[in-house]
């Protein structure tokens, strides 16, 4: 097996074998401690740098994932940062691709023993996950992303761009009552549209919607913006969801009654979760809203923009 494709678990096993042989050489076979060389691999994820992410801390609070779902993240490695560094911040498709590539590489997502895809992660959980990955990648204080702000007294201060200051959108109580804990989505009974199953979109669904818009733009074709605002919330799975399926749904959408359109459009508006565009910061007992921004652009998520801490 080449160095590029070598299984990290194999590296860990080989390392343990070498430690065991050193232990025998030093203490002899009869005195060598076997406890730390057992076959228990329950802590293997820790050895590989993965840490658990509490799903309840996410903007979605884990409500739309399987009950037994488990998510872990690790720090970004050199190859992943190098790929991210060439992001084209003027190209929406490239931004989406590069952000998703970090989530894909640095996140494991399981339901019981079943491996899930990064595409099963809720779109609005992505920014929280990315910042959590960044915190693991750059733990040093000088690498924190700092935002400039002004308090109620007109005094300037800096605040760290951190998940602990996130303020999230909540689904209102009149919709929350329709949450189905078995289906992990909202099953809403309406007069004009019948039963409607809705939930916030996953990364996989939004990838296909973004690609559809980019394709239409390349072909100089228009698209129904109101339809594309709604369809991610009524599409239950990204699997099998593609440009052809979106086009079919768009045709179906044209046949909706005016009342059905208004009901589902309003429901989609209320179904929005995620991080609000301002951080909520307590400043000397007063609440200050600081615009959520990336100093140095999106690239600064994984590329250090201030070299002051690196220069001698």
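For the ranges 208-215, 72-79, 187-194, what's the packing order if you count other beta-carbon atoms within 10 Å of each residue, average per peptide, and put the highest first?
So the peptides 208-215, 72-79, 187-194, ranked by packing, come out 208-215, 72-79, 187-194.
Among 130-141, 145-156, what's the highest-first ranking by average C-beta atoms within 10 angstrom per residue?
With the highest mean Cβ count within 10 Å placed first, the list reads 130-141, 145-156.
Per residue, how big is the convex hull of region 182-312 when only Cα atoms are used? Give it in Å³.
Once divided by residue count, the hull of region 182-312 is 215 Å³.
Which whole-number value in Å³ per residue fits the convex hull of the alpha carbons of region 151-201?
Normalising the Cα hull of region 151-201 by residue number yields 161 Å³.
Give me the number: length gained by fully extending residue 160 to residue 77, i.e. 0.36 nm times residue separation minus the C-alpha to C-alpha distance, one decimal in nm.
Full extension of this stretch gives 27.6 nm more.
Just how far, in whole angstrom, is region 226-278 from region 74-91 if you go by their alpha carbon centroids?
Measuring centre to centre over Cα atoms gives 31 Å.
With an 8 Å cut-off on Cα pairs and a minimum separation of 6 or more residues, tell me the relative contact order of region 167-293 in percent.
Relative contact order of region 167-293: 32 percent.
Rounded to whole Å and sorted largest first, what semi-axes of the equivalent ellipsoid does the C-alpha gyration tensor of region 104-233 yield via the square root of 5 times each eigenvalue?
33, 21, 21
Rule-based calculations on the coordinates, nothing more; no lab input. As the structure is a computational prediction, the values presented were derived from the model and not from experiment. Note that each Cβ is placed from the backbone with ideal geometry, even for glycine, and that neighbours are counted across all protein chains shown.
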